[in-house]
Amino acid sequence: MHSAIVQAVKPAIGPGLGIRPMRAGDAAQVLAIYQAGLDTGQTSFETVAPSWEGFEAGKLPHLRLVAVDTETGEVVGWVAACAVSSRPVYAGVVEHSVYVHPGCQAHGIGRALLTAFIAAAEDAGVWTIQSGVFPGNAASLSLHQALGFRVVGTRERVGRHHDLWRDGLLIERRSVVTGT
């Protein structure tokens, strides 16, 4: 994960921002950030963050990163991925999630996390990174599009969220390095 260790050029908070692999000691902060995102109603069909065991079981261990304030060591964001299929033909396709602490948004943390994640994914042989985004989540769409993701299509009424059917935009980024 050499390429996943970066320093943001412009520190987002405190003296700097570091990106490193996620550790078990990050569990409470990662899950709190996850739950804060879920509480907005704009990030996922899920409404309650899983247990740490559930989180770990659903995410690829080599594609989990956190952003930390280098002065305090506080986790201020995370990105992680899961395989989209267990079939070997889809081994290079992952679905990712990226969450930033609500008090730290709009400071470049999401961009730093996603940039490091893309590099780590390509190092791991991933050729397609995908995700689902609610159409109203303009900040997420803007971030992803700035880093080479495109909207593939709209999945109409793909799931129920708080008793309402919601659409989801399927976004993806194809590697120009892996799987070309």
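The values are calculated or read from the model by the stated rules, or taken from the named source; none is laboratory data. Every value quoted in this text rests on a predicted model; they were computed, and no experiment measured them. Ideal geometry is used to build each Cβ from the backbone, glycine not excepted, and the neighbour counts take in all protein chains shown.
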If you take the residues in the stretch 41-73 that are of a type in the set (D, E, K, R) and surrounded by 15 or more Cβ atoms within 10 Å (Cβ to Cβ), which one is nearest to the chain's Cα centre (by Cα)? Arg64
Of Ala124, Ala139, which residue is of a type in the set (A, V, I, L, M, F, W, C), touching a residue at least 40 places away in the same chain (Cβ under 8 Å) and surrounded by fewer than 19 Cβ atoms within 10 Å (Cβ to Cβ)? Ala124
Hits in the stretch 142-169 (condition: under 17 Å from the mean Cα position of the chain (by Cα) and buried (at least 16 other Cβ atoms within 10 Å of the Cβ)): Leu143, His144, Phe149, Gly168, Leu169
Out of the residues in the stretch 104-120 meeting the condition of being farther than 13 Å from Ala67 by Cβ and out of contact with any Lys or Arg (no Cβ under 9 Å at 6 or more places or on another chain), tell me which one is modelled with the lowest pLDDT. Ala106
Which numbered condition trips up Ser131, out of (1) of a type outside the set (A, V, I, L, M, F, W, C); (2) in contact with a Leu (Cβ under 7 Å, 6 or more places away or on another chain); (3) within 23 Å of Gln29 (Cβ to Cβ)? (2)
Would you say Glu172 is assigned to a strand (DSSP E or B) and either more than 16 Å from the chain's Cα centre (by Cα) or surrounded by fewer than 15 Cβ atoms within 10 Å (Cβ to Cβ) (or both)? no
Test: residue in the stretch 21-40 that is at pLDDT below 90, over 15 Å from the mean Cα position of the chain (by Cα), surrounded by fewer than 16 Cβ atoms within 10 Å (Cβ to Cβ) and not in a helix (DSSP H, G or I): yes
What's the number of the condition Ala49 fails, among (1) touching a strand residue (DSSP E or B) at 6+ places or on another chain (Cβ under 8 Å); (2) of a type outside the set (D, E, K, R); (3) assigned to a loop (DSSP other than H, G, I, E, B)? (1)
